[in-house]
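A short write-up of the structure that comes next.
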Amino acid sequence: MRKPKVFEEAQNTIKRRWKFIEGKERPIVYIGLALGFIVSMIFIYLIYDGITEKYMLQMKFDSEKSFNSIYMALSDSTSKALSVMSDEGVSGIGIYSSSGQAFQRLGDVPVTLPLSKLAQGRKTGQDSTLGIYILDEDSDEIEYFRLSRLNVVLEMGAFAPNTNQNQTQSQQASPFPDVPDIIYVRFDGTDYFNSIRRARLLTIIGMSMMSLILLMILSIYNNNRKYRIQLQKNESLAKLGAAARTLTHEIKNPLSAMTIQSALMRKLLPEEFQPDLDVIDHEITRLTNLTNRVSEFLKNPSGNPEKIELVGFIKDIARLFKGGIPVDADSDLINVRFDTDRARSVFENLIKNATESCEGRDPEVRVEIRHRHKLVTVKILDRGDGLPKETREKLFDPFFTTKIHGSGIGLAISKQFVEAQGGSLKLYEREGGGTVAEVNLPSI
């Protein structure tokens, strides 16, 4: 029963969208992980900010409470106030005029208040009417300043009045020579700083854990993606192998018969038919070479590795091309282990591709050989047309080619041969235009 047309169109739309998603999988995953990481970092920071704000409000409340407790204790006696100060962790309190001169003080507080600290607190956005806090994390002490326009009634004798020789006699005669304007408290902030340090440490641990989780997810995703790609390649190669074995067997038999018949016709037909027979022989040879290369691809890629002096080996290959290909090596003696026939196939194919990288102009092909730390790097460079963006990921796929007369098997075979020797083969754009084919092999 035929499916309704609407259903088929919906199914095709889903397939197209799924293919689009598959093609954009990596950027979508990376963007999603990046957004998730940023959101988690913001969330952790907001938690830290909330915790520090809580500790700050608690510290402000405690400082105000301590001042009030000490002030109330002063109504009884100075000794009781000092006892309360000790219990509250306060090292000193004072009331100062707007000019910074001490009006009354108790404990370890300065005679002249450093007003620069008030200005420092205002620069950080603190409000002096609500209280300014100067935090000294080195000494674990906190200084608290607050402006107070309220009348402060003090029991005489509770504080030791601050006397100043420069005061006038009328000022000294008055028990309250100036209007109290600034409340100052210095107290131990060890508990506060320890709480902040713990919050800071937990925040750093949290951010580090999120970073590690992100890296683990990226690593798992990339490894999974590599395994999927490799699995797809293995499945493709397995299917290709089964098909290619049958195909090469079925092709070789007719090719053998065609070769024999062509030879007979050369003997029997007049000279005028020889050009046509040349065309037939050329196509037979091309098909024979293709089947042989497919067989090579399916056989053991390692072959029979032996010691090869690579510089001389490549120079011999480079001489076979028209005009010769210049070879630049940083050493005259570089040895690698490679099957001779397979090595010749790899470098002949790469240099041939470079010489055919453009039409109507010289591709300026040259070879560079560098030996560094037991690694040999051979670069075949050209100034050809470069690599088409839309085909870069398929360059090493068997039977994929951008050439009219190409088989698409050369790069796939070359890559397999190089990797079988523990090396790597990659193609990338050359700076200034063209392509670089880079072969890396372990030296011996």
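The values are calculated or read from the model by the stated rules, or taken from the named source; none is laboratory data. Everything numeric in this text was worked out from a predicted model, so none of it was measured. As a convention, Cβ positions derive from the backbone with ideal geometry for all residues, glycine included, and neighbour counts pool all protein chains shown.
Which one is nearest to GLN416 (Cα to Cα) among residues in the range 349-379 that are in a strand (DSSP E or B) and touching a Ser or Thr at 6+ places or on another chain (Cβ under 6 Å)? Once the filter is applied, the top-ranked residue is VAL376. Select from the range 302-335 the residues that are out of contact with any Ser or Thr (no Cβ under 7 Å at 6 or more places or on another chain), outside any loop (DSSP other than H, G, I, E, B) and not hydrophobic (A, V, I, L, M, F, W, C) and list them in ascending order. Passing the criteria: LYS307, GLU309, GLY312, LYS315, ASP316, ASP328. Taking the range 127-139 as the range and being under 15 Å from MET56 (Cα atoms) and surrounded by 13 or more Cβ atoms within 10 Å (Cβ to Cβ) as the test, the residues that pass are GLY131, ILE132, TYR133, ILE134, LEU135. If you take the residues of the range 90-109 that are assigned to a loop (DSSP other than H, G, I, E, B) and surrounded by 15 or more Cβ atoms within 10 Å (Cβ to Cβ), which of them is nearest to the chain's Cα centre (by Cα)? Ranking the candidates gives VAL109 first.
Here the range 117-126 is the region considered, the condition is being touching a strand residue (DSSP E or B) at 6+ places or on another chain (Cβ under 9 Å) and part of a loop (DSSP other than H, G, I, E, B), and the residue that is surrounded by the most Cβ atoms within 10 Å (Cβ to Cβ) is GLN126.
Could you tell me how many of the residues in the range 372-385 are surrounded by fewer than 18 Cβ atoms within 10 Å (Cβ to Cβ) and at pLDDT 90 or above? Count: 3. Of the candidates LYS60, LYS54, LYS80, the single residue that is among the charged types (D, E, K, R), touching a Leu at 6+ places or on another chain (Cβ under 9 Å) and either closer than 17 Å to TYR192 by Cβ or not assigned by TED's automatic domain parsing to the domain that holds PHE145 (or both) is LYS60.
Cβ-Cβ distances below 8 Å connect the following pairs, each with a first residue in the range 349-361 that is on the phi < 0 side of the Ramachandran plot, a second residue that is hydrophobic (A, V, I, L, M, F, W, C) and part of a helix (DSSP H, G or I), and a separation of six or more residues or different chains: ASN349/LEU411; ASN349/ILE413; ILE351/ILE317; ILE351/ALA318; ASN353/LEU411.
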